[in-house]
Structures are given as C-alpha cells and as structure tokens.
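Here is the structure we will look at, set down as structure tokens.
Derivation of every value follows stated rules applied to the coordinates shown; laboratory data play no part. What you are looking at is a predicted structure, and each value in this text was computed from that prediction instead of being measured. Counting neighbours? That spans all protein chains shown, and the Cβs are built from the backbone with ideal geometry, glycine included.
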Amino acid sequence: MIVFVTGVTSGFGAAITRRFIAAGAKVVGSGRRADRLAVLQAELGGNLLTRTLDVRDRAAVERCVAELPPEFAEVDVLINNAGLARGLEPAQRADLDDWEAMVDTNIKGLMYCTRAFLPGMVARDHGHIVNLGSVAGEFPYPGGNAYGGTKAFVRQFSLNLRADLLGSKVRVTNIEPGMAETEFSVVRFGGDAARAGSVYAGTQPLSAEDIAETVEWVVSRPAHVNVNTMSIMPVCQAFSPFAVKRQD
Ligand code: NDP
Ligand code: 8X3
C-alpha cells in the first residue's frame, strides 16, 4: 500500500505516518518544514519518502504528484491532513489574512491534492481519499467563524466526491475530530504556548495516535465498505444548549 500524507511534520500527520509505516505501507510524507521531514526520514527509513511541499502552491502540488518516483507513484490512499486554525477572535475583529490562510490551506490546498490524485485513482479503479475535517465543520462556536467554514467545506466536498465517484471503487472518508492535543492550538494562537496549554488544562483530549488509529481503521475496511463521515470527541467534550442573550 502506498499512502500520501500532507502535513506530516507534526500532530496527526506524523502519527499517521508512523502508524502506516509500522503496518508495512510505503508513505510519501509532505510538509513545509524540511528540518522536521529530515528527522522523520531518519527515524522511519526507506519506506518513507519525504517531500517539502506547501499545499497552497497549486503548481508545486501538481509537480510533486507528477514527479513521484515509480515505486511511490501509484498512490492507494491520499490523506488530506495539512491544515490550520488561526485566531479565535469574533468575526468583526478577525484578521482577514488569517481567514485567507485557512481558506488557502484547508480548502484550496485540499482541492489541489485531491484533484492531482483523483484521475490516477479512477483510472486504476482503486483508491481512498481521507480528509481531516473537524467537529467545527458541523457545530458552530464563538470564534470558529472561518475555520469552521473551511471544515464545513471539507465535509460537503467529501460527500460530493462520493456522489461523483459512484460506479468507481474509489472511497472517500471525512474524519471529524474534536479537541485533540497537537500543535494545533500553538499555531492557532500564534505561538503562545501558555494559551495553547490552557485549552487542554484539566482535560484528557484526543491524542494524535487516537486519530491515526481511526484513519488506519477506515482505510482497512473491506473494499466494498465506505465510511462516509466519522465524528470523534474525547469523553470530556460535549455539546451546550443554544446561547440566548436576555435583556439586562
Ligand atoms: P498540527 O499543527 O500539529 O499539524 C498541522 C500539520 O499541517 C503540520 O505538519 C504542518 O506542517 C501542516 N501544514 C500546515 N499548513 C501547511 C501547508 N500550507 N502546506 C503543507 N502542510 C501544512 O495540527 P493537527 O495535527 O492537530 O492538525 C491536522 C489536521 O487536523 C488539520 O487539518 C486540522 O485542522 C485538523 N483537526 C485538528 C484538531 C485538533 O484539535 N488538533 C481537531 C480537528 C481537526 P508544516 O508547518 O511543516 O507545513
Ligand atoms: C479543531 C477542533 O473544536 O478546536 O478542529 O475547532 S476545534
């Protein structure tokens, strides 16, 4: 099995890479931070091929996929994991650059990778695209604004791919994690590790390994089984009633 994973330099992507390599797969692992890719390469050896790649760069994505060496070229599984949240400000105070970064990465980057691999998968009548959505794509929360919007795109795009792929054996799954402790909140809060730590204080969040195990599970279902969407939260996280503003 050959797996292409975006965003392997941290969090879910690193854990997914380790898990698939341990299971005997070959993995193409990509991300922007070359130093971290080199560390992962040294750890995991020849079944991992690393590529420095910014998924926001459409031409670079197309080049990377077109130029994969033959032994890694026929990708069975694409895991669109690269993504980020930036900021938790209410929409009227949010930074438009942050919104653009999220759209460019979580939406456009995911589309570029998907579109680059789909023709080959359809031609081989075999493949699986696993997208990392989020509970934020289904449930709104204050400050989730554009981030939740991008993950709602991932949800609906995943389902619409299924509609287009009817008749082929190519599968599509949207994984929607809740609170998971990775570098996600450090990135969201612009490197403020203390603020990021407070998100998880006093909780037992999901781990990157929990999500990697889930991804491996959906991929290893029998070929006639498609898991459309999987929503996963830690037990310490749940839902609130609607907020109501009452007169003072
Ligand atoms: P991390 O910040 O730990 O990892 C994010 C990864 O994405 C890094 O490897 C980063 O690599 C990569 N990445 C970011 N931007 C780009 C880019 N432009 N091009 C290529 N790679 C990029 O976060 P998580 O592991 O938690 O997040 C992984 C995915 O899971 C994201 O899509 C996130 O939205 C989603 N998610 C996370 C949840 C959580 O609570 N942690 C919950 C639900 C969903 P580099 O910087 O080297 O490029
Ligand atoms: C990450 C989960 O709840 O912080 O997608 O948006 S949340």
note = Checked region 26-35 for anything touching a strand residue (DSSP E or B) at 6+ places or on another chain (Cβ under 9 Å) and free of Cβ contacts under 8 Å to residues at least 24 places away in the same chain; matches are Arg32, Ala34
key: Candidates Val199, Val225, filtered to the one that is within 10 Å of ligand 1 (Cβ to nearest atom), within 22 Å of the chain's Cα centre (by Cα) and among the β-branched types (Val, Ile, Thr)   = Val199
key: Tally, over region 191-248, of residues that are β-branched (Val, Ile, Thr) and outside any helix (DSSP H, G or I)   = 7
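When you check Ala38 against the structure, is it among the hydrophobic types (A, V, I, L, M, F, W, C), in contact (Cβ under 8 Å) with a residue 60 or more places away in the chain, outside any loop (DSSP other than H, G, I, E, B) and more than 17 Å from Leu110 (Cβ to Cβ), yes or no?
Values: among the hydrophobic types (A, V, I, L, M, F, W, C): yes; in contact (Cβ under 8 Å) with a residue 60 or more places away in the chain: no; outside any loop (DSSP other than H, G, I, E, B): yes; more than 17 Å from Leu110 (Cβ to Cβ): yes.
So Ala38 fails the test.
Taking Asn131 as the residue in question, decide whether it is away from ligand 2 (no atom under 11 Å from the Cβ) and surrounded by 19 or more Cβ atoms within 10 Å (Cβ to Cβ).
Details: away from ligand 2 (no atom under 11 Å from the Cβ): yes; surrounded by 19 or more Cβ atoms within 10 Å (Cβ to Cβ): yes.
In short, yes.
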Selection from region 11-25 of residues that are within 19 Å of the chain's Cα centre (by Cα) and either without any contact (Cβ under 8 Å) to a residue 24 or more places away in the chain or at positive phi (or both) = Gly11
key: Condition broken by Val170, with the remaining ones in (1) touching a Gly at 6+ places or on another chain (Cβ under 7 Å); (2) among the aliphatic types (A, V, I, L, M); (3) within 11 Å of ligand 2 (Cβ to nearest atom) satisfied   = (3)
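With Leu78, Leu88, Leu110 as the choices, which residue is over 30 Å from Val122 (Cα atoms), in contact with a helix residue (DSSP H, G or I) (Cβ under 8 Å, 6 or more places away or on another chain), surrounded by 17 or more Cβ atoms within 10 Å (Cβ to Cβ) and of a type outside the set (D, E, K, R)?
On the way: Leu78 fails: over 30 Å from Val122 (Cα atoms); Leu110 fails: over 30 Å from Val122 (Cα atoms).
Exactly one residue qualifies, and that residue is Leu88.
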